[in-house]
1. Assuming 0.36 nm per residue, please report the length gained on full extension of the stretch Met26 to Leu53 beyond their Cα-Cα distance.
2. Report the local net charge at Arg12: Lys and Arg +1, Asp and Glu -1, summed over other residues whose C-beta lies under 9 Å from its C-beta.
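A short reminder: the numbers here are calculations on the coordinates, not readings from a lab. Source: prediction; values computed, not measured. Here the Cβ positions follow ideal geometry from the backbone for every residue, glycine too, while neighbour counts run over all protein chains shown.
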Amino acid sequence: MTQPVLTMQIERIRIRAFRAFRHVEMLHIPRLVVLVGANSTGKSSLFAVFGFLRDAMNANVGTALARLGSRRGFHEIHSRNSDGPIEIEVAYRIQPEKSEKPPLIS
């Protein structure tokens, strides 16, 4: 018997004034992404975005700022040489998908 499985696909990410990112938008993101780049180009900052969003959703923005930015909070995560607020936008799609196997959770 098949079970309905929900799959999530991130389709777009827009980040402004967050750590290494002054303004970046990623479109048409595939299901598998490999990040490769020189030091200080934003690889860790991209992962920090998701940690920040998790903490903000589970607790609040103040807690997320404190965890990510230590004592300096907002000033530690705000992109240098960037004006304006920190903006993070993630567009994703959730769709049912038929599967013969239960979803793999690890």
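1. Extra length from Met26 to Leu53 when fully extended: 8.0 nm.
2. Surrounding charge for Arg12 is -2.
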